[in-house]
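Read the structure below first, then the notes.
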Amino acid sequence: MEKQYFAHDTAFIDEGCNIGKGTKIWHFSHIMSNCVLGENCNIGQNVVISPEVILGKNVKVQNNVSIYTGVICDDDVFLGPSMVFTNVINPRSAVNRKSEYAKTHVGKGASIGANATIVCGHNIGDYAFIGAGAVVTKTVAAFALVVGNPSKQIGWMSEYGHRLEFNKDGIAICSESNQTYKLEDNSVTRIS
């Protein structure tokens, strides 16, 4: 059966991977054993995807990204250049901790900026926006905008990636999509 994805000649794909139709894997990237990459993903240059990682549909992975075992990304996630996930809280070269890999789940439509680090065991909510260079050390709520080291929440973002400004009734409208959002009990939901 003919493969339905593109892999550059310099890319290396281990046995047991399931790669979706229309996915592109670029120069010098390594997709390790038993990974699942959904349809229409774009895997940039010099990317390492460790064993058993799962990427949903339309995930964009920019150059020089490391995605370690234990990471699951839902559909439409954006991983910026040189960002990295971790999978062990207290790594030591001389101590094998493969049985202690912590999981990290990145929700639908979330964006993680260039050079950000996601410390393992902390989930990223749907449509959250992690600023460039941020170091995420705790769970991030859906639609949250976080920046800094350690990261802290400074606002909320729409599904289209625009900062939301809520009125006194807790309502905000995205400047691009005109979608309406509600802020209630420190949680945001899209209501239209």
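Anything in the stretch 155-188 that is acidic (D, E) and either surrounded by 17 or more Cβ atoms within 10 Å (Cβ to Cβ) or in contact with a helix residue (DSSP H, G or I) (Cβ under 9 Å, 6 or more places away or on another chain) (or both)? List them, or say none.
The one that is acidic (D, E) and either surrounded by 17 or more Cβ atoms within 10 Å (Cβ to Cβ) or in contact with a helix residue (DSSP H, G or I) (Cβ under 9 Å, 6 or more places away or on another chain) (or both): E159.
For T69, indicate whether it is among the polar types (S, T, N, Q), out of contact with any strand residue (DSSP E or B) (no Cβ under 8 Å at 6 or more places or on another chain) and crowded, with 18+ Cβ neighbours inside 10 Å.
Numbers: among the polar types (S, T, N, Q): yes; out of contact with any strand residue (DSSP E or B) (no Cβ under 8 Å at 6 or more places or on another chain): yes; crowded, with 18+ Cβ neighbours inside 10 Å: yes.
Spelling it out, T69 is indeed among the polar types (S, T, N, Q), out of contact with any strand residue (DSSP E or B) (no Cβ under 8 Å at 6 or more places or on another chain) and crowded, with 18+ Cβ neighbours inside 10 Å.
Go through the stretch 105-192 and tell me which strands (runs of 3 or more DSSP E), entirely inside it, have 2 or more residues that are hydroxyl-bearing (S, T, Y) and within 20 Å of D76 (Cβ to Cβ).
Details: elements: 144-147, 152-156, 171-173, 180-184, 187-190.
By residue number, no strands (runs of 3 or more DSSP E) qualify.
Does the stretch 98-128 hold any residues that are of a type in the set (A, V, I, L, M, F, W, C) and either in the same structural domain as R190 (by TED's automatic domain parsing) or within 10 Å of the chain's Cα centre (by Cα) (or both), and which are they?
V106, A110, I112, I118, I124, A128
Hey, could you check the stretch 95-104 for residues that are assigned to a loop (DSSP other than H, G, I, E, B) and either among the basic types (K, R) or crowded, with 22+ Cβ neighbours inside 10 Å (or both) and say which is modelled with the highest pLDDT?
K103
Residues that are at pLDDT 95 or above and over 22 Å from G113 (Cβ atoms): does the stretch 142-164 have at least one?
no
Being within 17 Å of the chain's Cα centre (by Cα), assigned by TED's automatic domain parsing to the domain that holds I67 and either part of a loop (DSSP other than H, G, I, E, B) or of a type in the set (S, T, Y) (or both) narrows it down to one residue among E2, E39; which is it?
One residue alone meets the criteria, E39.
Within the group K57, K21, which residue is modelled with pLDDT of 95 or more, assigned by TED's automatic domain parsing to the domain that holds H105, of a type in the set (K, R) and buried (at least 17 other Cβ atoms within 10 Å of the Cβ)? So that I can check it myself, show each step before the final result.
Details: K21 fails: buried (at least 17 other Cβ atoms within 10 Å of the Cβ).
The match here is K57.
Please verify whether T10 is touching a Pro at 6+ places or on another chain (Cβ under 9 Å), β-branched (V, I, T) and either in a loop (DSSP other than H, G, I, E, B) or at pLDDT below 95 (or both), treating the condition exactly as stated.
No, not satisfied.
The values are calculated or read from the model by the stated rules, or taken from the named source; none is laboratory data. This one's a predicted model, so the numbers in the text were calculated from it and none came from an experiment. Note: ideal-geometry Cβ built from the backbone for every residue, glycine included; neighbour counts use all protein chains shown.
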